[in-house]
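In what follows, a structure is listed as structure tokens, so that the remarks can point back to it.
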Amino acid sequence: RRIQPYSLVVREGQIERLGPFDCEFFAVNHSIPDALAVAIRTGAGIVLHTGDFKMDQLPLDGRLTDLAGFARLGAQGVDLLLADSTNAEIPGFVPPEREIGPVLDSIFRSAKGRIIVASFASHVHRVQQVLDSAYGHGRKVAFIGRSMVRNMGIARDLGLLRIPGGLVVGLDEATSLPPDQIVLMSTGSQGEPMSALGRMATGDHRHIVVEPGDTVVLASSLVPGNETAVYRVINQLSRAGAFVVHKDVAKVHVSGHSSAGELLYLLNVVRPSNFLPVHGEWRHLRAHARLAVESGVAPDRVVLCEDGDVVDLVDGRARLVGHVKSRYVYVDGLAVGDVGESLLTERKILGDGGFIAATVVVDSVTGKVVGGPTVSAKGFSEDPAVFDPVIPLVTEALDRAALEGIADPHQLQQIVRRTVGRWVNDTYRRRPMIVPNVVEV
């Protein structure tokens with residue numbers, strides 16, 4: 001059965017009784033506003049989960065990570081610490097977010113045409129700095145992309161985003177302004193093909209066409225796994241004539257996740273008895289585990305696990321005790337959970353090798369071929385005659401099956417599939433999806 005959702009608004013300093021647990025919430029600094037860590041007091045001990053965090057000492061919103069609260073917990077005794085591992089491999093400390101401002105000012109000062117800035121739609125502090133730079137250089141700002149428009153509207157209503165009067169304009173007005181008077185604040189910093197920037201890069205956006213003289217700023221990091229997509233967008237924008245600025249050529253991004261120096265600081269403040277690194281790939285988890293051991297956590301008290309693993313905290317000791325089978329839940333249009341790994345595999349085969357349909361009509365009693373076979377394809381070859389050589393092979397295979405007394409439609413389908421598949425592999429070294437159809441008469 002479906003779990004009934006329960007929502008509770010909490011803020012730093014608040015303590016709530018949730019089931020058998022007392023949960024205390026702590027302010028942490030991150031690239032989204034109002035981020036929180038949570039301490040969970042249980043019968044087995046105190047568990048602290050940092051969530052995503054960093055230790056920016058000069059945050060734009062003045063909201064510091066509550067190290068005093070973490071130290072208080074550490075003095076009480078934290079039995080298990082779960083901490084953000086994203087930047088565990090990177091030494092040192094994350095630079096302050098406010099260092100981005102002067103870089104943006106320099107870019108805005110030198111840009112002669114339109115400016116397009118792409119960022120995460122949740123990064124209110126980054127958007128604020130773009131707004132400040134635009135205001136300082138006499139440019140209007142238009143938000144592009146559904147999530148950017150929605151999130152910035154919410155941030156403005158909550159007082160998290162300061163927008164001078166008349167600074168933000170609609171897209172229609174933005175497109176009518178001279179290029180040197182407008183900034184477009186867009187989604188798509190991770191190369192998402194259907195995002196606003198992704199559609200601009202391919203020339204598919206309904207309102208914005210990237211032109212020579214445009215300056216595009218990717219004010220974000222590369223999320224692991226998105227590198228190819230991001231560099232594809234950069235190349236497409238460059239081909240269109242835009243000057244593209246990204247983190248490899250200018251300091252237009254600082255991370256929202258603590259680096260190794262900050263993680264060590266946290267470990268020394270909290271002094272946990274057990275440690276479980278979270279939020280990262282295996283290389284990040286391993287790096288964070290090494291930091292924990294270096295800070296004094298016993299190696300046998302560091303637990304590395306993945307989705308589905310069961311960790312018990314009993315008598316002050318955390319152990320990996322089992323595994324619950326888990327899987328991704330895919331959203332496909334309006335359907336949730338209807339798509340599985342096997343269906344995705346089929347779609348990948350379709351995308352890589354195309355689709356071949358082989359249809360044959362057989363006698364329902366003898367299994368002998370009375371019509372066809374016919375072979376058609378999508379995404380395999382533009383030449384309809386390419387399958388002429390395989391038709392006699394399929395007929396021959398089915399005739400042999402009839403002589404052996406095979407008349408079952410399912411068995412005949414498998415014979416057709418194997419025959420066509422073998423021919424395609426031998427001739428083209430390709431593996432398309434093959435769908436055989438056996439019609440009985």
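Any read-out appearing in this document is the output of simple, stated calculations on the displayed coordinates, not a laboratory observation. Computed from a predicted structure; not experimentally measured. Cβ placement follows ideal geometry from the backbone for every residue including glycine, while neighbour counts extend to all protein chains displayed.
Using Cα pairs under 8 angstrom and six or more residues apart, how large is the relative contact order of the range 335-440, in percent? Write out the running numbers ahead of the final one.
Working: 148 pairs, mean separation 38.5, N = 106.
Relative contact order comes out at 36 percent.
Could you tell me how many degrees, from 0 to 90 and to the nearest 10, lie between the Cα long axis of helix 227-239 and the main elongation axis, the longest principal axis, of the Cα atoms of the chain?
90
Within the range 295-325, list the trypsin sites (Lys or Arg not before Pro) lying in a DSSP loop whose Cβ has at most 12 other Cβ atoms in a 10 Å radius.
Answer by residue number: Lys325.
Of the DSSP beta bridges with both residues in the range 302-441, give the percent that are antiparallel, rounding to the nearest 5.
65
Using +1 at the C-beta of Lys and Arg and -1 at the C-beta of Asp and Glu, which of Gly372, Ala397, Trp423 has the Cα lying farthest in the positive direction of the dipole of the range 335-440?
Trp423
Which value, in debye to the nearest 20, gives the size of the charge dipole of the range 1-121 about its Cα centre, when Lys and Arg are +1 and Asp and Glu are -1 at the Cβ?
440
Between beta-carbons, use under 13 Å as the cut-off and find the net charge around Ala287, counting Lys and Arg +1, Asp and Glu -1.
Computed value for this residue: -1.
Relative to the Cα centre, what is the charge dipole magnitude of the range 97-245, using +1 at the beta carbon of each Lys and Arg, -1 at the beta carbon of each Asp and Glu, and rounding to the nearest 20 debye?
100
Using only alpha carbon pairs under 8 Å that are at least six residues apart, calculate the relative contact order of the chain and give it in whole percent.
In percent, rounded to a whole number, it is 14.
If I compute log10 I(q)/I(0) by the Debye sum over Cα atoms at q = 0.06, 0.11, 0.13 Å⁻¹ from the structure I just sent, which labelled value in [x] -0.25, -0.88, -1.23; [y] -0.28, -0.98, -1.34; [z] -0.42, -0.97, -1.13 lines up?
Checking each listed value against the structure points to [z].
Relative contact order for the range 379-439: what percent, with Cα pairs under 8 Å and sequence separation of 6 or more?
Normalised by residue count, the contact order of the range 379-439 is 32 percent.
Restrict the search to the range 57-161; then list the trypsin sites (Lys or Arg not before Pro) that DSSP places in a loop and that have at most 11 other Cβ atoms within 10 Å of their Cβ. Write down the numbers at each step before the final one.
On the way: sites: Arg63, Arg72, Arg98, Arg109, Lys112, Arg114, Arg126, Arg139, Lys140, Arg146, Arg150, Arg156; in loops: Arg63, Lys112, Arg114, Arg139.
Of the trypsin sites (Lys or Arg not before Pro), the ones in loops of the range 57-161 whose Cβ has at most 11 other Cβ atoms within 10 Å are Lys112.
For the chain, take the longest principal axis of its alpha carbons; what is the angle in degrees between that and the long axis of helix 341-353, to the nearest 10 within 0 to 90?
70
In the chain, what is the count of Lys pairs whose alpha carbons are under 25 Å apart, counting only pairs at least 8 residues apart or on separate chains?
Final tally of qualifying lysine pairs is 9.
What does the charge add up to near Asp300, with Lys and Arg as +1, Asp and Glu as -1, over the other residues with Cβ less than 12 Å from its Cβ?
+3
Can you say what percent of the DSSP beta bridges in the chain, counting only those with both residues inside, are antiparallel? Round to 5.
Given both bridge residues lie in the chain, the antiparallel proportion sits at roughly 45 percent.
In the chain, which longest range has no GluC sites (Glu not before Pro) that are both DSSP loop (not H, G, I, E or B) and surrounded by at most 15 other Cβ atoms within 10 Å?
Segment 1-280 is the longest.
Need one word for the range 97-245: rounded, prolate or oblate. Basis is the Cα gyration tensor (sqrt eigenvalues a ≥ b ≥ c); a/c below 1.5 gives rounded, then a/b vs b/c decides.
Note, shape of the range 97-245 comes out rounded.
Treating the beta-carbon of each Lys and Arg as +1 and of each Asp and Glu as -1, no other charges, what is the dipole magnitude of the chain about its Cα centre, to the nearest 20 debye?
Computed charge dipole of the chain: roughly 480 debye.
Give the residue list of chymotrypsin sites (Phe, Trp or Tyr not before Pro) in the range 1-68 that are DSSP loop and have at most 10 other beta-carbon atoms within 10 angstrom.
Tyr6
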